Amino acid sequence: MSTPSPIRVLHVDDEPGFGDMVAEFLEREDAHLDVTTATSAADGIERLEETQFDCIVSDYDMPDQNGLQFFESVRDAHPNLPFILFTGKGSEEIASDAISAGVDDYLQKQGGTGQYTLLAHRITNAVAQYRSEQEIEASQERLSLFFEQSPLGALEWTAEFDIARANEQAEEILGFAEEELVGSSWRRLIPEAEQDGVAEMFSEMLAESKAYDVEQETITSDGERIICEWHHRVVRDELGDIVTVFSKFQNISQRVRREEKLAKERAFTEQALDTLDDVFYVVEADGTLTRWNERLSEITGHSDVELDGKDV
C-alpha cells in the first residue's frame, strides 16, 4: 500500500501567535499536513515564490491586503491552487464574495479545537481534488502527445462514441479532414451490415473497460472499403470515471489481400498434388514430414495426424 504524500500548507494570518497555534493543531490532527506560516499577504506571496505548496489557508481581515485581495494575487500565478478562507470576521456578504471570487472553501473561526479537525478535513479534501485534476490534465497532455506522434491513425471518442479528435495519420487513412470527422458517429466509418456487432463491442468496452483488438472493414471518404486493424481502449481515472476513449488503427488491406492470395495458391497447389498418382512429400532438415499428398496416406496406411511430424 502506498503512503500518502505530505500536504504542504501555507497559512497566512497577521497574528503570529494564532498562526503558530493553527500550524500545531493542524499537524496534530493529520500527520501528513506540513504547515508553513506567513504574517501578511506580501509575506505569503514571497513564500509562494520560494516553495511549492498544495493549499493556502488565509485570514480575511489583514493590513495592506485582505484575504480576497490576497486570493486575487495568488490566482495570477497559481490559478488552480486550493485556497481556503479561514477568518474570524464572518458575514454572509464576505462568504458570498468569497464563493463568487472562486475561493475553494470558506470557514469561520470558532472557539474550541473542533474547528481544526474540520479545517484539516477541508484541506485534505481540497488537495485530493486538486491532485486528481492535475493527474487528469497530465494524462490528457500525454494523450495529446500520443496523438501527435503516433505513427498510426488515432481517434478520440466521446462517451457516446462520437468522434472528438483525429490525428493526421487518421485523416490520411480515412481521406477525411479532422473537421469533417469531429461530431460524427462511429457508424459513419462502419458498413451497415457490421454495425450491430461493433455497437455490442463498444457497450462491453464501457461496461468492462476491456481493450479490444479487431480487424474491421472500414469506409473511407470516397466510399472505398478497406480493412483496418483497430485497437480500442477506455481510459479511466482512479475513481473509475471515464477520462477518454480512444482508438488507434492502421490500414492492413494489402496484407490481408496478400494473405488471401497465398491461401488460395496454397489450396490450389494442395488440390493439384492430391490428384497425382505418385507419392509427394516435403521434409524438414531433420527428416520430419511437413507436407504430403493423399497418395502417401493411402500407401502407408497412416492418417494425416499420424504423419504430421513423423520421421521420414
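A few points about this structure:
- Pick from region 161-195, criterion closer than 15 Å to residue 248 by Cβ and among the β-branched types (Val, Ile, Thr), ranking: surrounded by the most Cβ atoms within 10 Å (Cβ to Cβ): 163
- If you filter region 60-95 down to residues that are acidic (Asp, Glu) and more than 38 Å from the chain's Cα centre (by Cα), you find that the one that is farthest from residue 124 (Cα to Cα) is 64.
- When region 237-254 is limited to residues that are surrounded by fewer than 13 Cβ atoms within 10 Å (Cβ to Cβ) and either at positive phi or at pLDDT 80 or above (or both), the one that is farthest from the chain's Cα centre (by Cα) turns out to be 254.
- Selection from region 1-22 of residues that are crowded, with 19+ Cβ neighbours inside 10 Å and either of a type in the set (A, V, I, L, M) or outside any helix (DSSP H, G or I) (or both): 7, 9, 10, 11, 12, 13, 22
- Qualifying residue in region 152-160 (condition: on the phi > 0 side of the Ramachandran plot, in a loop (DSSP other than H, G, I, E, B) and open to solvent by 50 Å² or more (accessible area, probe 1.4 Å)): no
- Positions within region 292-301 being in contact with a helix residue (DSSP H, G or I) (Cβ under 8 Å, 6 or more places away or on another chain) and either of a type in the set (D, E, K, R) or at pLDDT 75 or above (or both), in sequence order: 294, 295, 300
- Subset of region 66-87 [part of a loop (DSSP other than H, G, I, E, B), free of Cβ contacts under 8 Å to residues at least 40 places away in the same chain and open to solvent by less than 50 Å² (accessible area, probe 1.4 Å)]: 66
- Evaluation of residue 143 against (1) under 20 Å from the mean Cα position of the chain (by Cα); (2) in contact (Cβ under 8 Å) with a residue 24 or more places away in the chain; (3) in a strand (DSSP E or B) (one fails), failing number: (3)
- Subset of region 209-223 (residues that are in contact with a strand residue (DSSP E or B) (Cβ under 9 Å, 6 or more places away or on another chain) and of a type outside the set (A, V, I, L, M, F, W, C)): 209, 210, 212, 213, 215, 216, 217, 218, 220
- Subset of region 92-129 [open to solvent by 50 Å² or more (accessible area, probe 1.4 Å), of a type in the set (S, T, N, Q) and in a helix (DSSP H, G or I)]: 96, 100, 117, 125, 129
- Count of region 124-149 residues which are farther than 23 Å from residue 241 by Cβ and of a type outside the set (D, E, K, R): 1
The values are calculated or read from the model by the stated rules, or taken from the named source; none is laboratory data. In this text, all values refer to a predicted model and were calculated from it rather than measured experimentally. Using ideal geometry, Cβ is built from the backbone for each residue, glycine included, and neighbour counts are taken over all protein chains shown. Accessible surface areas use protein heavy atoms only, side chains included; no ligands, DNA or RNA. Shrake-Rupley method; radii C 1.70, N 1.55, O 1.52, S 1.80 Å.
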